[in-house]
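S.K.: Below you'll find the structure I mean.
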Amino acid sequence: MKNSNVFSNHSEALNSTGFLFWRISNEWQRRINASLQSLSLTHTQFVLLANIEYLNKKENPVTQADLGSHSGTDPMTISSVVRSLEKKKYVLRKSHPEDTRKKTLILTKEGRSILKKSISIVESTDHEFFSNFQSTDQNNSLQKLLRKGFDSIFNNR
């Protein structure tokens, strides 16, 4: 096969940091979704449940806009997923006490229960997935690199 690099500076996809990151991220998300199937939750539903609980511990009241900003999720997805979580009786949406155009979000008793179960599943899946790195030092290095990237991308907006 002729080696033609018409579209990339990389001789192969596996030499591209972006491609590697994309493939690993997709596989990690696939495994998280598979592990959450037993609870009839998607990864996005889990992330939003966890963020609602986290934000309610930090600030009150928490709006859908707060949730979107903190989780990096677009408003249409927030609205759709929160509606599905509300139908499952995991989330309660109420009018904001100061601005009735806004909705505040809190977890129900059922929502906290499913969150507790799902955190255990997700953390176990994370541990199994990231244990593919050879050592704790490599896991710590990956965490530091990801945090540095996160901070430079999201804290400089």
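The values are calculated or read from the model by the stated rules, or taken from the named source; none is laboratory data. Just so we're clear, the structure is a prediction, and the values are computed from it rather than from any experiment. Cβ placement follows ideal geometry from the backbone for every residue including glycine, while neighbour counts extend to all protein chains displayed.
S.K.: Mind checking which residues of region 129-141 are within 19 Å of Ile32 (Cα to Cα) and surrounded by 12 or more Cβ atoms within 10 Å (Cβ to Cβ)? Even if it seems obvious, please write down each step before you answer.
M.R.: First, the residues of region 129-141 that are within 19 Å of Ile32 (Cα to Cα): 129-133, 139.
Selection gives Phe129, Phe130, Phe133, Asn139.
S.K.: When you scan region 69-82, do you find a residue that is surrounded by fewer than 16 Cβ atoms within 10 Å (Cβ to Cβ) and touching a residue at least 40 places away in the same chain (Cβ under 8 Å), even just one?
M.R.: Yes, there is a match, as at least one residue in region 69-82 is surrounded by fewer than 16 Cβ atoms within 10 Å (Cβ to Cβ) and touching a residue at least 40 places away in the same chain (Cβ under 8 Å).
S.K.: Now, a different point. Condition first: in contact (Cβ under 8 Å) with a residue 40 or more places away in the chain and among the aliphatic types (A, V, I, L, M). Now tell me which residues in region 83-105 satisfy that.
M.R.: Hits for region 83-105 are Leu85, Val91, Leu105.
S.K.: Sticking with this structure for a sec: Can you find a residue in region 123-145 that is modelled with pLDDT of 85 or more, within 25 Å of Ile78 (Cβ to Cβ) and hydrophobic (A, V, I, L, M, F, W, C)?
M.R.: Taking every residue of region 123-145 in turn, none turns out to be modelled with pLDDT of 85 or more, within 25 Å of Ile78 (Cβ to Cβ) and hydrophobic (A, V, I, L, M, F, W, C).
S.K.: Filter region 1-33 for residues that are assigned to a loop (DSSP other than H, G, I, E, B) and of a type in the set (Ser, Thr, Tyr); which is modelled with the lowest pLDDT?
M.R.: Taking region 1-33 and keeping what is assigned to a loop (DSSP other than H, G, I, E, B), we get 1-12, 16.
After this cut, where a residue has to be of a type in the set (Ser, Thr, Tyr) as well, the list is 4, 8, 11, 16.
On the way: Ser4: 56, Ser8: 75, Ser11: 75, Ser16: 78.
Out of the qualifying residues, it is Ser4.
S.K.: Here are some residues: Lys57, Lys94. Which one is closer than 29 Å to Asp151 by Cα and not hydroxyl-bearing (Ser, Thr, Tyr)? It would help to see each step written out before you state the result.
M.R.: Details: Lys94 fails: closer than 29 Å to Asp151 by Cα.
Selected residue: Lys57, the only one of Lys57, Lys94 that is closer than 29 Å to Asp151 by Cα and not hydroxyl-bearing (Ser, Thr, Tyr).
S.K.: Here is a list of conditions, (1) surrounded by 11 or more Cβ atoms within 10 Å (Cβ to Cβ); (2) within 28 Å of Phe129 (Cβ to Cβ); (3) at pLDDT below 95, and Lys57 meets all of them except one; can you say which number that is?
M.R.: The single condition Lys57 does not satisfy is (1).
S.K.: Within region 91-111, take every residue that is exposed (fewer than 14 other Cβ atoms within 10 Å of the Cβ) and modelled with pLDDT of 95 or more and give me the one that is farthest from Gln45 (Cα to Cα).
M.R.: It comes out as Lys109.
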